Amino acid sequence: MVALPAERICAFFRPLSQLNILTLQRNEHRILLLETPLNQMNSGKKMLLGLTLVELKTVAGQLGMPAFTGKQMAAWLYKQHVEEIDGMTNLSKNNRALLAEAYEIGCAKHVDAQYSKDGTIKYLFPTENGRFVETVYIPDRDRATLCVSCQVGCKMNCLFCQTGKQGFEGSLTVRDILNQIYALPERETLTNIVFMGQGEPMDNLDHVLKATEILTADYGYAWSPKRITVSSVGVRGKLKRFLDESDCHVAISMHSPLPEQRALLMPAEKAMSIEEIVDLLHQYDFSHQRRLSFEYILFGGINDSMTHARAIVRLLDGLDCRMNLIRFHQIPNVNLQGTDEKRMESFRDYLTAHGIFTTIRASRGQDIFAACGLLSTAKQTTDERKT
């Protein structure tokens with residue numbers, strides 16, 4: 001999951017070396033652009049964050065350390081969230097010094113934070129390649145969800161999504177993905193993670209799979225995979241591999257059950273159709289703990305008719321799944337409008353009555369452009385950026 005207004009204080013593509021001195025404040029939503037430990041991003045050292053246990057053991061072996069040192073490093077990284085190698089106190093002083101000569105943790109704090117009136121917080125994190133990515137923290141009573149990104153921009157170019165309008169500027173490394181969690185101030189409150197930020201997870205599958213391994217492995221965060229949902233438009237070959245290699249929940253972006261119309265909204269339909277996606281999903285069991293859901297943005301007069309609702313029921317017949325209906329958030333230069341609340345409720349009620357458990361997703365963070373489809377780190381030409 002917009003051409004952003006002048007109120008947004010953005011220096012999204014200013015060289016990272018300049019961001020540590022920027023401390024602007026414009027309105028009640030933004031606090032400031034925070035100082036960032038830039039030495040962690042441009043020291044030339046390799047980063048430990050994002051390495052699996054096997055890779056950490058390899059690092060230990062290459063440096064002449066016992067193999068169990070790799071397990072110790074994993075515990076310091078993913079259990080204790082240490083920020084400096086010197087904090088790994090059960091490593092000998094000599095080993096810490098040896099490790100620090102070639103490696104660093106790789107944790108980079110956010111450089112910007114925007115606060116919504118509904119409690120949602122949108123963070124801007126630097127990436128290894130000098131770009132930036134947005135991450136959204138969504139608290140909700142006894143739950144707290146983090147919407148993470150996996151790419152800067154996106155290749156899918158969905159008509160209704162601002163991230164796609166940005167174009168594609170690179171995939172995130174495993175470290176970039178995990179840093180959104182590692183460096184999150186509210187990290188300890190998280191109950192769920194959704195890969196629904198910038199980018200298509202199946203288009204960066206190797207790194208997404210490795211990140212989810214670290215999140216779910218005993219040596220890592222030891223989260224249940226049922227706390228993680230990975231979204232996709234459906235990418236041939238990659239979606240099947242994800243379903244085979246991961247136990248995380250999966251969410252499919254549908255947005256129309258009609259192939260021709262879906263192709264107009266989502267060019268990815270031409271590469272892997274919604275019918276092919278559903279046929280593939282029928283090969284897997286979603287009747288137990290693993291959950292399958294479909295995402296459906298309702299556009300007024302486009303995909304919100306009972307004809308579409310009946311087509312969804314036919315398409316998903318026999319598939320154990322649920323449907324999330326999403327309000328459309330207007331973006332510039334796109335001739336789409338959201339549907340009205342009454343029609344959205346009727347659509348929900350029809351699907352539910354025909355055996356598809358359906359909910360209407362609450363929009364969060366819309367006032368800070370953090371809601372579904374609004375994330376973008378495209379270059380902004382604002383007065384603040386000239387400061």
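Residues in segment 158-189 that are over 18 Å from VAL233 (Cα atoms), part of a helix (DSSP H, G or I) and not charged (D, E, K, R): 8 in all.
For the condition among the aliphatic types (A, V, I, L, M) and either surrounded by fewer than 19 Cβ atoms within 10 Å (Cβ to Cβ) or farther than 20 Å from LEU48 by Cα (or both), ILE105 does not qualify. The C-beta contact set for segment 218-245 (first residue on the phi > 0 side of the Ramachandran plot, second residue charged (D, E, K, R) and surrounded by fewer than 19 Cβ atoms within 10 Å (Cβ to Cβ), distance under 8 angstrom, 6+ apart or interchain) comprises GLY234/GLU276.
Identify all residues within segment 262-290 that are surrounded by fewer than 20 Cβ atoms within 10 Å (Cβ to Cβ), among the small types (Gly, Ala, Ser) and either in contact with a Cys (Cβ under 8 Å, 6 or more places away or on another chain) or at pLDDT 95 or above (or both); write none if there are none. Answer for segment 262-290, where residues must be surrounded by fewer than 20 Cβ atoms within 10 Å (Cβ to Cβ), among the small types (Gly, Ala, Ser) and either in contact with a Cys (Cβ under 8 Å, 6 or more places away or on another chain) or at pLDDT 95 or above (or both): ALA263, ALA271, SER273. Taking the conditions exactly as written (surrounded by fewer than 18 Cβ atoms within 10 Å (Cβ to Cβ) and either within 19 Å of SER231 (Cβ to Cβ) or small (Gly, Ala, Ser) (or both)), does ARG343 satisfy them or not? For ARG343, the condition - surrounded by fewer than 18 Cβ atoms within 10 Å (Cβ to Cβ) and either within 19 Å of SER231 (Cβ to Cβ) or small (Gly, Ala, Ser) (or both) - is not met. Take the conditions under 23 Å from ASP367 (Cα atoms), in contact with a strand residue (DSSP E or B) (Cβ under 8 Å, 6 or more places away or on another chain) and at pLDDT below 95 and apply them to GLN198. Does it pass? Yes; evaluated as a whole, the condition is true for this residue. Of the strands (runs of 3 or more DSSP E) that lie entirely inside segment 116-157, those containing 3 or more residues that are β-branched (Val, Ile, Thr) and touching a strand residue (DSSP E or B) at 6+ places or on another chain (Cβ under 7 Å) span 132-140. Applying the selection to segment 232-261, what residues are in contact with a helix residue (DSSP H, G or I) (Cβ under 8 Å, 6 or more places away or on another chain), in a helix (DSSP H, G or I) and surrounded by fewer than 21 Cβ atoms within 10 Å (Cβ to Cβ)? The answer is LYS238, LYS240, ARG241, PHE242, LEU243, GLU245, PRO259.
The values are calculated or read from the model by the stated rules, or taken from the named source; none is laboratory data. Source: prediction; values computed, not measured. Every residue, glycine as well, gets a Cβ built from its backbone with ideal geometry; the counts of neighbours run over all protein chains shown.
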